[in-house]
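See structure below.
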Amino acid sequence: MASERESFDLTGPLHLPYVLWDNAYHRMSVAASLVQGVYILERDRQENREGPDALAPPWWTFFHFQLLRPLVDDVDSSIFGAIYEFKPPASQCNDTLYRSPRYVIAFRGTLTKSHSVSRDIELDIHLIRQGLHQTSRSDIAVQAVRNMVATVGDSNVWLAGHSLGSAMAMLTGKAMAKSGIFIESFLFNPPFVSAPIERIKDEKLKHGIRFAGSVITAGLTIAMKAKQQKDLSLDPFAALSAWVPCLFVNPSDHICSEYIGYFEHRRKMEEIGAGVIERLATQNSLSGLLMGAFGKESEALHLIPSASLTVNVTPSPDFKEAHGIHQWWKPDLRLEHKLHNYK
């Protein structure tokens with residue numbers, strides 16, 4: 001029996017029959033719904049739901065999108081992403097379509113169903129080990145985005161993802177940004193691979209731990225660069241700083257909540273005159289540096305220079321709710337927004 005959460009009529013944003021594309025809440029809700037569409041696409045495949053029994057289509061047709069094609073994992077044949085095309089009705093005037101996309105490429109997160117869970121967890125482990133970029137699923141994702149941008153232009157494309165899918169969207173967005181192409185991106189509950197320092201209640205202790213971590217990371221960075229004879233004045237973050245993805249996090253979700261402290265700590269370090277230390281620390285992870293010392297290639301996807309950070313401070317009853325995609329289209333959300341530009 002289908003879960004109630006899979007039914008658009010029961011849990012979808014029916015309160016948005018008309019999308020104002022210059023409204024940040026509307027854009028967020030539509031992007032989250034399209035990601036949910038990918039989840040349900042894969043569930044439809046697993047449950048052999050076709051035609052009128054399929055539950056996925058309303059998640060995009062409600063907002064006048066069409067499914068251009070699904071993105072399929074070459075290992076287990078699961079659907080992990082989708083490319084949507086926006087087909088607004090002729091009655092909509094061009095003025096109302098300002099900031100709307102022409103295409104959206106969306107990625108789902110981990111599904112805990114037996115048909116796909118082993119492959120998803122394998123990729124979760126790759127993510128933790130900072131090796132997601134070395135997987136075939138990431139190759140498929142990056143190539144799909146490159147092809148779409150080459151065909152229709154970067155200004156016409158959005159990226160969206162949730163959890164593991166958010167990491168996949170982050171990976172593809174960073175790959176494009178490195179070549180000077182900056183795609184509007186909506187990253188829901190993006191994983192931040194580190195100790196959950198944000199859960200510490202004592203602010204002084206929390207800042208002290210972060211400060212110590214920054215000093216150690218910056219020191220190791222200098223040592224590693226000297227050993228590899230790399231120029232410290234070259235800042236790889238600067239090339240990415242013009243890409244400002246939209247991050248959506250919940251403080252009760254330990255998988256993504258560290259982003260709150262990551263950006264806040266950077267601001268505090270600038271205020272106390274330790275910006276030079278933090279500029280080195282913020283673009284490196286301790287685990288990545290240690291792996292590099294042993295000759296292992298890694299990429300800390302979660303480290304980014306700039307972001308538009310939206311925090312859902314609406315009380316969440318439990319972790320499952322705090323990490324879920326459904327929260328991002330609920331009405332009456334309490335959201336806090338901050339723009340973080342890398343200097």
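Could you list, in sequence order, the residues of the range 171-205 that are touching a strand residue (DSSP E or B) at 6+ places or on another chain (Cβ under 6 Å) and either among the aliphatic types (A, V, I, L, M) or modelled with pLDDT under 95 (or both)?
I183, L187
Just one of F80, F62 is touching a Lys or Arg at 6+ places or on another chain (Cβ under 7 Å) and at pLDDT 95 or above; which is it? First the steps, then the outcome.
Values: F62 fails: touching a Lys or Arg at 6+ places or on another chain (Cβ under 7 Å).
Selected residue: F80, the only one of F80, F62 that is touching a Lys or Arg at 6+ places or on another chain (Cβ under 7 Å) and at pLDDT 95 or above.
Looking at P88 and the list (1) touching a residue at least 24 places away in the same chain (Cβ under 8 Å); (2) under 23 Å from the mean Cα position of the chain (by Cα); (3) farther than 20 Å from S3 by Cβ, which single condition is not satisfied?
(2)
List the residue pairs whose Cβ atoms are under 8 Å apart, where the first residue sits in the range 118-137 and is within 17 Å of M170 (Cβ to Cβ), the second is of a type in the set (K, R), and the two are 6 or more positions apart or on different chains.
Every condition considered, the pairs that remain are L123/R137.
Go through (1) more than 17 Å from the chain's Cα centre (by Cα); (2) among the hydrophobic types (A, V, I, L, M, F, W, C); (3) closer than 26 Å to V193 by Cα and name the single condition V149 misses.
(3)
Here's a check for you: in the range 40-55, which residue that is free of Cβ contacts under 8 Å to residues at least 24 places away in the same chain and outside any helix (DSSP H, G or I) is nearest to H326 (Cα to Cα)?
Only one residue fits best here, namely A54.
Go through the range 331-343 and count every residue that is assigned to a loop (DSSP other than H, G, I, E, B) and without any contact (Cβ under 8 Å) to a residue 60 or more places away in the chain.
2
Open to solvent by 50 Å² or more (accessible area, probe 1.4 Å) and at pLDDT 95 or above - does that describe any residue in the range 25-36?
Yes.
Restricting attention to the range 107-135, which residues are of a type in the set (K, R) and in a helix (DSSP H, G or I)?
R119
Mind telling me which of the residues P13, P70, P88, P57 ends up being of a type outside the set (F, W, Y) and modelled with pLDDT under 95?
P88
Name every residue in the range 163-190 that is open to solvent by 10 Å² or more (accessible area, probe 1.4 Å) and part of a strand (DSSP E or B), in order of residue number.
Across the range 163-190, the qualifying residue is only E184.
Quick check on the range 281-304. Is at least one of its residues on the phi < 0 side of the Ramachandran plot and modelled with pLDDT of 85 or more?
The answer is yes; a qualifying residue exists.
Please find, within the range 253-265, the residue that is modelled with the highest pLDDT out of those that are over 12 Å from P191 (Cα atoms), surrounded by 21 or more Cβ atoms within 10 Å (Cβ to Cβ) and not aromatic (F, W, Y).
In this case the residue turns out to be G261.
The values are calculated or read from the model by the stated rules, or taken from the named source; none is laboratory data. Nothing here was measured: the structure is a model prediction, and the numbers come from that model. A quick note on method: Cβ atoms are made from the backbone with ideal geometry, for glycine too, and the neighbour counts reach across all protein chains shown. Calculation scope for accessible area: heavy atoms of the full protein, side chains included, ligands and nucleic acids excluded. Shrake-Rupley method; radii C 1.70, N 1.55, O 1.52, S 1.80 Å.
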